[in-house]
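Undergrad: Sharing a structure with you now.
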Amino acid sequence: MSDSIVRFNGVTKKFGDFRAVDDVSFEVRQGRIFGLLGPNGAGKTTSIRMLTYILKPDSGSITVFGIPAGPETQARLGYLPEERGLYKKMKVGEQLIYLARLRGLSRQDARERIRYWLERFGAYEWIGQEVGELSKGMQQKIQFVATISHDPDCLIFDEPFSGLDPINSEMLKDVILELRDAGKTIFFATHRMEQVEQLCDDIALFNKGQLILNGDLNQIRSSYGHNSIRLRFTGDSRFLSELKNVRVNNRSTNFAELRLLQDADDQAILREAQKYVRVQGFELVQPSIQEIFIDSVTREDRS
Amino acid sequence: MIHKEKLLLIIQREYLTRLKSKIFVVTTILAPVVMILLLVLPAIIQTMSGDRVRQFLVYDETGAVGQELVAGDSVYYQLTDADPDSLRQSLMRGEIEGYLVIPHELLDGKGSAVFYHGGTAGMTVTSRIRSDVQRVVRDIRLDRLDTPPEVRHILSERVQTENLTITAEGEEAADSDFYMVLGFIMGFIIYGAMFGYGAVIMRSVMEEKTSRIVEVIASSVRPFELLMGKVIGVAMLGLTQFILWALAGAVLIAVAGPVIALFLGAGPETAEAADAAADVAAFSIPAIGPMIWISFVLFFLLGFLIYSSLFAAVGSAVDQESDSQQLQLPIIMLIIIPLMFLFPVSDDPASTLSVTLSMIPFFAPILMPVRMAVLQIPIWQFGATVLLMILTFVVLMWMSARIYRTGILMYGKKASFRELWRWMREN
């Protein structure tokens, strides 16, 4: 595809005998939000570090904007690592200018962009303060500004919402969508599935260093069909364990997500449920991303 | 391969943030202040302790020595008729501080004067009494022999011996004591600087690692560029500090003599101290040749580069300072070993041992300036040592950079030597 921004081609990275990333190939298209999913230790961060040219792959190739990952591609990427960090003793303004200039911006351009983004986040008044004096939430905003201030074409966010309060999360989500609409490509790694459903256009599922599922999120979900049930009820939830031919996800005291296995009859399950509890809601839906993930991982492990 | 603008940016940041830091300002100001205090304090203390009136009784069997002593200083010495036994009692009761017994045969060149005290006399008192008695007895005996003044003059004269080294270019005066001390001071300053600035590098690497900023930086520049920028920035900081100190030192030497004299004022008590002050002033007279300065700066820089690359590797391998001790140990040993050879090397700077040790790149930063201060070393030794040090730095930097680029991304565990070795060999 001509509009692919990032391309992994048979990429492998080993640490000693451990294959952190194992023969992985995928593409990220321009203007899309690409979700890199997987449990902790699946190889997400290692993949990102190779994409940002912090690490080099042992084999395979990575191209960004059509050229091999390297110092030139670094300047066009914006990277927000999972483990946030800034120079504590440096002032907000100096620090942001320094980081932007390391990515090739002139001092003047850096100053203007930083001013714009700090004002956007309501953080301009902190410009002369040392980062260490700011609260965690404020530091997160500063780091976000540091990630986008050099106007990169592709943004890489590793668990961007971790540690953010709901208001800042919402703000960040808006900015991410806005950046996407402005034609930026967003590369987004997380193990929090609900965020993926809200934001991502495409996904890649990682497990134990391998890519087990990749493609357009909506296509993937519709390929699974309407084979899940959302059940709301009042009463004793113990009956859920007795149900046959279903797998129970996300159970709580008055809610459950059920996945129909084989050719289980949804109406039979409804009748069965009514024997034990008062059913308040019963809906046939596409599987959640969590369900798809579990399904893919278990199928992978079986084969 | 190295991106020059990025490297310059890093150097600039490393240099400027430290230059503006409190610790730099404080150490830069405090070090000369401490030196001034070290120079001036003894003089002040001496003046202050002079306030206490000290008096010693003299039991004189010669009938001459005592009088002369009292004539010299009637406060310090006082004649007594009390016999030694009762003096002893008085001393034990604490009524007197001490007493001096001069036996009559002393003027015949036999026996010895005995100074009794309660253990409170101290070195200044005993040495003063010794020299007073010696002077008085000598004068009396010379008087009795009608010695002509010319002979007395000869006896009291000090004969000077001058040390001169002859170089290939001709004759050159050298005050070897002065240069030996100078070499020592330089060796110690370089030692302290390598330790101090090495620790700065290590902490800086560790700080970037623990604050996790390093991942953001590493996504913009090569780890090698970051490491080089850091090392160069801190080296410049060290040079800046040296230059500031050198300026302060020049001012200090210019004013030290007068300042001490000012503190001391007049008075017999402080005559010796005034002499000492004059000595201090005289001490600055031998010129420190440009070669010594150049070698000092050069060996500081090369030593710093060699050791900072090692310290950086250690910093990248640990998460907190307390974990670094085991890994630092070999580095500390390498820095301390040359200190143990400071004396033998400055004592015999041309011996095979001295030449060999001073040419080992790890020891050269301390031992070479010491040798170069004392003697003019053959140019091949200088050249070979500098070359060896540069080579060592390049190799170590290459190794450290490989450890560093892996270490900065490894969180939550302390690496062993075996792991460092593995990181180094990784592609």
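The values are calculated or read from the model by the stated rules, or taken from the named source; none is laboratory data. These figures come from a predicted structure and were not determined experimentally. Because the Cβ atoms are built from the backbone with ideal geometry, glycine has one as well, and the counts that use them run over all protein chains shown.
Undergrad: Restricting to region A:1-31, give me the number of residues that are crowded, with 22+ Cβ neighbours inside 10 Å and not aliphatic (A, V, I, L, M).
TA: Going through region A:1-31 one residue at a time, the tally reaches 2.
Undergrad: Let me ask you something else. Scan region A:254-292 residue by residue and report those that are touching a Gly at 6+ places or on another chain (Cβ under 9 Å) and among the polar types (S, T, N, Q).
TA: A:N254, A:Q286
Undergrad: Further question on the same structure: Assess whether A:T63 counts as being within 11 Å of chain B (Cβ to nearest Cβ) and β-branched (V, I, T).
TA: For A:T63, the condition - within 11 Å of chain B (Cβ to nearest Cβ) and β-branched (V, I, T) - is not met.
Undergrad: Further, regarding this structure: For region B:92-112, does any single residue satisfy the condition of being touching a residue at least 60 places away in the same chain (Cβ under 8 Å), touching a strand residue (DSSP E or B) at 6+ places or on another chain (Cβ under 7 Å) and under 14 Å from B:V136 (Cβ atoms)?
TA: Restricting attention to region B:92-112, the residues satisfying the condition of being touching a residue at least 60 places away in the same chain (Cβ under 8 Å) are none.
Scanning region B:92-112 turns up no residue that is touching a residue at least 60 places away in the same chain (Cβ under 8 Å), touching a strand residue (DSSP E or B) at 6+ places or on another chain (Cβ under 7 Å) and under 14 Å from B:V136 (Cβ atoms).
Undergrad: Determine whether region A:130-147 contains at least one residue that is of a type in the set (S, T, N, Q), touching a helix residue (DSSP H, G or I) at 6+ places or on another chain (Cβ under 7 Å) and modelled with pLDDT of 90 or more.
TA: Looking for residues that are of a type in the set (S, T, N, Q), touching a helix residue (DSSP H, G or I) at 6+ places or on another chain (Cβ under 7 Å) and modelled with pLDDT of 90 or more, one finds none in region A:130-147, hence no.
Undergrad: Name the strands (runs of 3 or more DSSP E) wholly within region A:210-303 that hold at least 2 residues that are under 30 Å from A:N40 (Cα atoms)?
TA: Per the criteria, A:210-216, A:228-234, A:246-249, A:255-260.
Undergrad: If only one of B:M202, B:M228 is modelled with pLDDT of 90 or more, surrounded by 13 or more Cβ atoms within 10 Å (Cβ to Cβ) and under 30 Å from the mean Cα position of the chain (by Cα), which one is it?
TA: Only one candidate qualifies: B:M202.
Undergrad: Since B:L9 meets every condition but one in (1) in contact with a Lys or Arg (Cβ under 7 Å, 6 or more places away or on another chain); (2) hydrophobic (A, V, I, L, M, F, W, C); (3) away from chain A (no Cβ under 14 Å), which condition does it not meet?
TA: (3)
Undergrad: Conditions first: (1) within 14 Å of chain B (Cβ to nearest Cβ); (2) under 23 Å from A:D216 (Cβ atoms); (3) not in a strand (DSSP E or B). A:Y53 passes all but one, so which condition is the exception?
TA: Result: A:Y53 fails condition (2) only.
Undergrad: Inside region A:227-274, can you point out the residues that are under 13 Å from A:P287 (Cα atoms) and of a type in the set (S, T, Y)?
TA: Correct list: A:S228 only.
Undergrad: Something else about it: Test of understanding: among B:M372, B:M399, B:M389, which residue is in contact (Cβ under 8 Å) with a residue 12 or more places away in the chain and either under 18 Å from the mean Cα position of the chain (by Cα) or not in a helix (DSSP H, G or I) (or both)?
TA: None of the others qualify; the one that does is B:M372.
Undergrad: To continue, here is another question. Only one of (1) at pLDDT below 90; (2) away from every other protein chain (no Cβ under 13 Å); (3) surrounded by 18 or more Cβ atoms within 10 Å (Cβ to Cβ) is not met by A:V175, so which one is it?
TA: A:V175 satisfies all of (1) at pLDDT below 90; (2) away from every other protein chain (no Cβ under 13 Å); (3) surrounded by 18 or more Cβ atoms within 10 Å (Cβ to Cβ) except (3).
Undergrad: Got at least one residue in region A:21-41 being of a type outside the set (D, E, K, R), in contact with a strand residue (DSSP E or B) (Cβ under 9 Å, 6 or more places away or on another chain), over 22 Å from A:L179 (Cα atoms) and facing chain B (nearest Cβ under 9 Å)?
TA: So far as region A:21-41 goes, no, none of its residues is of a type outside the set (D, E, K, R), in contact with a strand residue (DSSP E or B) (Cβ under 9 Å, 6 or more places away or on another chain), over 22 Å from A:L179 (Cα atoms) and facing chain B (nearest Cβ under 9 Å).
Undergrad: Condition first: touching a residue at least 24 places away in the same chain (Cβ under 8 Å) and either more than 9 Å from chain B (Cβ to nearest Cβ) or not polar (S, T, N, Q) (or both). Now tell me which residues in region A:67-84 satisfy that. Lay out the reasoning, then the answer.
TA: Restricting attention to region A:67-84, the residues satisfying the condition of being touching a residue at least 24 places away in the same chain (Cβ under 8 Å) are A:74-82, A:84.
A:A75, A:R76, A:L77, A:G78, A:Y79, A:L80, A:P81, A:E82, A:R84, listed by residue number.
Undergrad: Provide a single number: the residues in region B:365-422 that are in contact with a Phe, Trp or Tyr (Cβ under 6 Å, 6 or more places away or on another chain) and either within 18 Å of B:I190 (Cα to Cα) or surrounded by fewer than 24 Cβ atoms within 10 Å (Cβ to Cβ) (or both).
TA: 8
Undergrad: From the list A:G163, A:G215, which one is touching a residue at least 60 places away in the same chain (Cβ under 8 Å) and on the phi > 0 side of the Ramachandran plot?
TA: Details: A:G215 fails: touching a residue at least 60 places away in the same chain (Cβ under 8 Å).
Being touching a residue at least 60 places away in the same chain (Cβ under 8 Å) and on the phi > 0 side of the Ramachandran plot holds for just one of A:G163, A:G215, which is A:G163.
Undergrad: Let me ask something else about it. Checking the conditions here, which among A:G104, A:G85, A:G122 is under 20 Å from B:K209 (Cα atoms), out of contact with any Pro (no Cβ under 9 Å at 6 or more places or on another chain) and modelled with pLDDT under 90? Write out each step before concluding.
TA: Values: A:G104 fails: under 20 Å from B:K209 (Cα atoms); A:G122 fails: under 20 Å from B:K209 (Cα atoms).
Being under 20 Å from B:K209 (Cα atoms), out of contact with any Pro (no Cβ under 9 Å at 6 or more places or on another chain) and modelled with pLDDT under 90 holds for just one of A:G104, A:G85, A:G122, which is A:G85.
Undergrad: Tally time: how many residues in region B:302-339 are buried (at least 18 other Cβ atoms within 10 Å of the Cβ) and within 25 Å of the chain's Cα centre (by Cα)? Steps first, answer last, please.
TA: Filtering region B:302-339 for residues buried (at least 18 other Cβ atoms within 10 Å of the Cβ) gives B:302-318, B:324, B:327-328, B:331, B:335, B:338.
Filter again for within 25 Å of the chain's Cα centre (by Cα), leaving B:302-308, B:311, B:328, B:331, B:335, B:338.
Qualifying residue count for the region: 12.
Undergrad: Kindly state which helices (runs of 4 or more DSSP H) lie completely within region B:1-118 and contain at least 2 residues that are modelled with pLDDT under 85 and surrounded by 14 or more Cβ atoms within 10 Å (Cβ to Cβ).
TA: B:22-49
Undergrad: Let me ask you something else. Residues of region A:121-155 being over 24 Å from A:F187 (Cα atoms) and not in a helix (DSSP H, G or I), which ones?
TA: A:G122, A:A123, A:I127, A:G128, A:Q129, A:E130, A:L134, A:S135
Undergrad: So, in region A:113-143, of the ones that are closer than 13 Å to A:I97 by Cβ and among the basic types (K, R), which residue ends up surrounded by the most Cβ atoms within 10 Å (Cβ to Cβ)?
TA: A:R113
Undergrad: Kindly indicate which of B:R158, B:R135 is part of a helix (DSSP H, G or I) and basic (K, R).
TA: B:R135
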